[in-house]
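Since every read-out is calculated from the coordinates, none of them should be taken as a lab result. All figures in this text were calculated on a predicted structure; none of them were measured in a lab. In this analysis, Cβ positions are derived from the backbone assuming ideal geometry, glycine residues included, and neighbour counts consider all displayed protein chains.
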Amino acid sequence: MPDDNQDAVGNIGETAREQLTSRRGFLAGSAAVGAVGLTGAGINVVGADGGDSDKGDDSMNGGDSKNDDEMTDVDILNYALTLEHLEATFYAKGLEDFSDDEFMNADLGCDIGDEMRMKIPDQVKVVGEHEAAHVDQLTKVIKQLGGEPVEAAEYDFGYETPAEFLGVAKALENTGVSAYAGAAPSIKDDKLLSAALSIHSVEARHAASFNALNSVSPYPDAFDEAKSMEEVKKIAGQFIVK
């Protein structure tokens with residue numbers, strides 16, 4: 001990697017750490033939401049159509065598909081960016097749809113205590129800020145590496161109540177943890193790998209907090225499950241309209 005990109009790459013992790021102190025994305029066309037793929041974002045997965053692109057450009061006119069090990073670092077960054085777009089949009093929409101009082105009075109079906117309830121609105125806001133910061137920094141680095149960052153898609157998250165929103169948050173954050181764990185071994189540049197792992201750890205903290213709100217252990221296993229891009233596509237694709 002050229003030297004003038006080193007600082008930008010390192011800034012991914014720096015931005016994530018700073019946020020702790022203070023996904024056109026899935027454009028593959030499909031009539032069935034669950035069948036929406038990652039190829040439209042220039043992200044090729046096993047069994048998906050799309051051409052090769054070292055710069056992560058849109059490639060929807062056919063060509064050889066790439067498995068996880070064949071993807072470039074920019075492809076992987078765009079994969080991460082696609083998920084971050086989805087999450088950032090999710091939290092922004094939730095904050096538009098529900099007031100602080102509605103979040104604090106969510107019918108969670110369990111007793112989490114008044115103190116934890118009072119913190120829900122701020123929790124949603126801070127996590128949303130983290131996801132937006134991830135979007136901004138990944139976009140910047142992809143551009144500096146000569147790639148074309150994917151844009152946000154259109155989403156339908158399927159929730160109707162604050163409690164359902166918090167349930168979807170749990171699902172998205174745990175999926176994000178598994179996605180970063182699955183993609184990280186394919187990253188070739190050590191600095192990019194370190195930065196990706198710094199985001200992974202933040203996503204894990206998000207997942208733990210939303211697990212707790214949904215009466216699920218914040219630390220259910222000794223090891224996080226790693227999901228392939230194909231597995232993540234099937235989960236995230238449920239929320240993609242186009």
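Kindly provide the set of residues from the stretch 156-213 that are outside any helix (DSSP H, G or I) and within 21 Å of Leu77 (Cα to Cα), ordered by number. Those that are outside any helix (DSSP H, G or I) and within 21 Å of Leu77 (Cα to Cα): Ile187, Lys188, Asp189. Residue count for the stretch 158-195 satisfying the condition of being of a type in the set (A, V, I, L, M, F, W, C) and either surrounded by fewer than 20 Cβ atoms within 10 Å (Cβ to Cβ) or under 17 Å from Glu225 (Cβ atoms) (or both): 10.
Look at Glu231 and say whether it is assigned to a loop (DSSP other than H, G, I, E, B), acidic (Asp, Glu) and surrounded by fewer than 19 Cβ atoms within 10 Å (Cβ to Cβ).
No: the conditions fail for Glu231.
Within the stretch 198-228, the set of residues being of a type in the set (Val, Ile, Thr) and either surrounded by fewer than 21 Cβ atoms within 10 Å (Cβ to Cβ) or in contact with a Cys (Cβ under 8 Å, 6 or more places away or on another chain) (or both) comprises Val216 only.
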